[in-house]
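Enquirer: My structure is below; once you've seen it, I'll send some questions.
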Amino acid sequence: MRHRPRRKSRPATPRQADPIEVRVERFGARGDGIARGPEGPLYIPDTVPGDRVIVLPGATRGEGRAATLREVLESGPGRVAPPCKHADRCGGCTLQHASDDLIAAMKRDQLTEALARKGLPTDNVAPTVSVPAGSRRRLRLSALRVAAGTVLGFNERASGKVIDVRECPVARRELTDLFPALRDLIGGLDCLGRGADVQVTLSDTGVEILLIPTGGGDPSLDERQDLVDFAERHDIARIGLETDGIAEPLVARRTPRTVFAGVPVDLPIGGFLQPSLEGQEILTRLVLQGVPDDAPTVADLYAGCGSFAVPLSKRGANVVAVEGSEAAVAALRRGAAGLRLQAECRDLARDPLGVTELNRFQAVVFDPPRAGAAAQAETLAQSAVPRIVAVSCNPATLARDLRSLVDGGYTLDSAVPVDQFTWSGHVEAVAVLSRPG
């Protein structure tokens, strides 16, 4: 008897959820509004607490579901009209529909909740200090070369699709005014393959453009000449190309430079700057307030090009600046020549300063990347350093590192949220700790 082969079963198609009415209760960590749905929390972009909305529940997200906003039936307090025409699609901003006061409160809550989850005190978290829109001096754009032309902008929310951006109220005009010319330039560069990421940075001496191709090869002689002509025509300080993580200059009319406490520092190609000058000044002020004026020796860990180390040295301290980037260390050494400042290249994630090394200092400042400073915080917790100032762009890893320090006997004296990522869900913070006795 012959048997028919058994048909393979097909996975059941998820039933399309029906639209439902909900009331948004609070913001989530990404800036989405959160409401209670029949199957758990709903995460709803473009909403604010107090909104009464019709939404369409979608894919599973954590313990709840993502949802699409269909209609706002009743606006919550703090809802405003987005200032940018790309706000409904562009993933660069997620909070243009919320008032400045509402965003500031949300970012303070983000920091407070992160500290509370680690059992840390929250009564000394200050109000958010914010920078204004139109102040961002560093952007990373996506460019895609297609048959119809070149698309230049930011990724669509929760998508790899690039939105062609014609305005950006977050950024400095010196950058956004270049968008049309950049489209034309990139469209003619076959060396970029299908496209590139484009990092544009406004320094004190002009704009640097760093091209990070998605494919392609070396620029031809004609393409190099096109880049030279573009730089001359638009007064660009430097144009570079990054391949396999290594950046090299293609056009260098002058060196991009920034000034820390009156000291000019030449930036390495693709070098890090705080997103805004205003944000840099706020963070520097808070760091200087956290470090005692009479601290004779200070360590600045993850020092970058010296945005904190140079002002601390100018104020009178002997500073040891430790940074993992050789290019940044070289730039700092050149700029800080003559100051009481020593710069050292060291990977602090793999080789943190030990207790004996740390005990030479009366204060330590650390400003790690988003992953935080877990290894360094553990040795700091065992040290006798009287004062520590922690700067972070990630409340979760900051809270983790602060927990290590508090477990080691430190007291968390203050924490200040700083918002220089306008209309986004990101927040920075400066926390000050002291060792009693």
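The values are calculated or read from the model by the stated rules, or taken from the named source; none is laboratory data. Bear in mind the structure is a predicted one, so any value in this text is a computation, not a measurement. Backbone-built Cβ (ideal geometry, glycine too); neighbour counts: all protein chains shown. In case anyone asks, the SASA skips ligands and DNA or RNA and just uses the protein heavy atoms, side chains included. Shrake-Rupley method; radii C 1.70, N 1.55, O 1.52, S 1.80 Å.
Enquirer: Could you check how many residues of the stretch 308-323 are in contact (Cβ under 8 Å) with a residue 24 or more places away in the chain and surrounded by 19 or more Cβ atoms within 10 Å (Cβ to Cβ)?
Expert: 9
Enquirer: Continuing with the same structure: In the stretch 122-143, which residues are farther than 19 Å from G425 by Cβ and crowded, with 18+ Cβ neighbours inside 10 Å?
Expert: Scanning the stretch 122-143 gives R137, L141, S142, A143.
Enquirer: For the stretch 227-243, check the following and say yes or no: at least one residue is of a type in the set (G, A, S), under 22 Å from E326 (Cα atoms), in contact (Cβ under 8 Å) with a residue 60 or more places away in the chain and surrounded by 18 or more Cβ atoms within 10 Å (Cβ to Cβ).
Expert: Within the stretch 227-243 (the criterion being of a type in the set (G, A, S), under 22 Å from E326 (Cα atoms), in contact (Cβ under 8 Å) with a residue 60 or more places away in the chain and surrounded by 18 or more Cβ atoms within 10 Å (Cβ to Cβ)), the answer is no, since none of the residues qualifies.
Enquirer: Taking the stretch 344-360 on its own, how many of its residues are open to solvent by 10 Å² or more (accessible area, probe 1.4 Å) and touching a residue at least 12 places away in the same chain (Cβ under 8 Å)?
Expert: Matching residues across the stretch 344-360 total 11.
Enquirer: Let me ask you something else. Can you pull out the residues in the stretch 34-55 that are buried (at least 17 other Cβ atoms within 10 Å of the Cβ) and part of a strand (DSSP E or B)?
Expert: I34, A35, G37, P41, L42, Y43, I44, V53, V55
Enquirer: Checking the conditions here, which among S220, S203 is in contact with a Lys or Arg (Cβ under 8 Å, 6 or more places away or on another chain) and either more than 22 Å from L144 (Cα to Cα) or open to solvent by 30 Å² or more (accessible area, probe 1.4 Å) (or both)?
Expert: The match here is S203.
Enquirer: Out of the stretch 362-384, which residues are closer than 13 Å to A299 by Cβ, under 29 Å from the mean Cα position of the chain (by Cα) and touching a residue at least 60 places away in the same chain (Cβ under 8 Å)?
Expert: A363, V364, V365, F366, D367, A373, Q376
Enquirer: Do we find a residue being of a type in the set (A, V, I, L, M) and surrounded by fewer than 15 Cβ atoms within 10 Å (Cβ to Cβ) anywhere in the stretch 158-166?
Expert: Checked the stretch 158-166: at least one residue is of a type in the set (A, V, I, L, M) and surrounded by fewer than 15 Cβ atoms within 10 Å (Cβ to Cβ).
Enquirer: Six or more apart or on different chains, Cβ under 6 Å: which pairs go from a residue in the stretch 107-132 that's under 25 Å from L95 (Cα atoms) to one that's surrounded by fewer than 20 Cβ atoms within 10 Å (Cβ to Cβ) and hydrophobic (A, V, I, L, M, F, W, C)? Could you list them?
Expert: Listed pairs, sorted by first residue: A114/A396; T122/A116; T128/A104; S130/A104.
Enquirer: From the set of residues in the stretch 59-109 that are buried (at least 17 other Cβ atoms within 10 Å of the Cβ), among the basic types (K, R) and under 15 Å from V48 (Cα atoms), which is nearest to the chain's Cα centre (by Cα)?
Expert: K107
Enquirer: Regarding D300, is this residue among the acidic types (D, E), touching a residue at least 12 places away in the same chain (Cβ under 8 Å) and touching a Leu at 6+ places or on another chain (Cβ under 9 Å)?
Expert: yes
Enquirer: Check whether at least one residue in the stretch 409-420 is touching a helix residue (DSSP H, G or I) at 6+ places or on another chain (Cβ under 7 Å) and open to solvent by 30 Å² or more (accessible area, probe 1.4 Å), and report yes or no.
Expert: Checked the stretch 409-420: no residue is touching a helix residue (DSSP H, G or I) at 6+ places or on another chain (Cβ under 7 Å) and open to solvent by 30 Å² or more (accessible area, probe 1.4 Å).
Enquirer: Which residues, counting only those in the stretch 93-128, are under 20 Å from Q274 (Cβ atoms) and touching a Lys or Arg at 6+ places or on another chain (Cβ under 9 Å)?
Expert: Once the filter is applied, which keeps residues that are under 20 Å from Q274 (Cβ atoms) and touching a Lys or Arg at 6+ places or on another chain (Cβ under 9 Å), the stretch 93-128 yields A126, T128.
Enquirer: Being in a loop (DSSP other than H, G, I, E, B), modelled with pLDDT under 85 and buried (at least 16 other Cβ atoms within 10 Å of the Cβ) is the requirement here; does A29 meet it?
Expert: Yes.
Enquirer: Also: Do the conditions hold for G215, that is, is it over 21 Å from D177 (Cα atoms), in contact with a Gly (Cβ under 6 Å, 6 or more places away or on another chain) and without any contact (Cβ under 8 Å) to a residue 60 or more places away in the chain?
Expert: yes
Enquirer: Let me ask you something else. Would you kindly identify the strands (runs of 3 or more DSSP E) lying entirely within the stretch 133-228 that contain at least 2 residues that are not β-branched (V, I, T)?
Expert: 138-146, 149-155, 195-203, 206-213
Enquirer: So, in the stretch 260-297, of the ones that are touching a strand residue (DSSP E or B) at 6+ places or on another chain (Cβ under 7 Å) and in a strand (DSSP E or B), which residue ends up nearest to R340 (Cα to Cα)?
Expert: Filtering first and then ranking leaves T297.
Enquirer: Next question, about the same structure. Suppose the filter is among the charged types (D, E, K, R) and in contact with a Lys or Arg (Cβ under 9 Å, 6 or more places away or on another chain); does R370 pass it?
Expert: no
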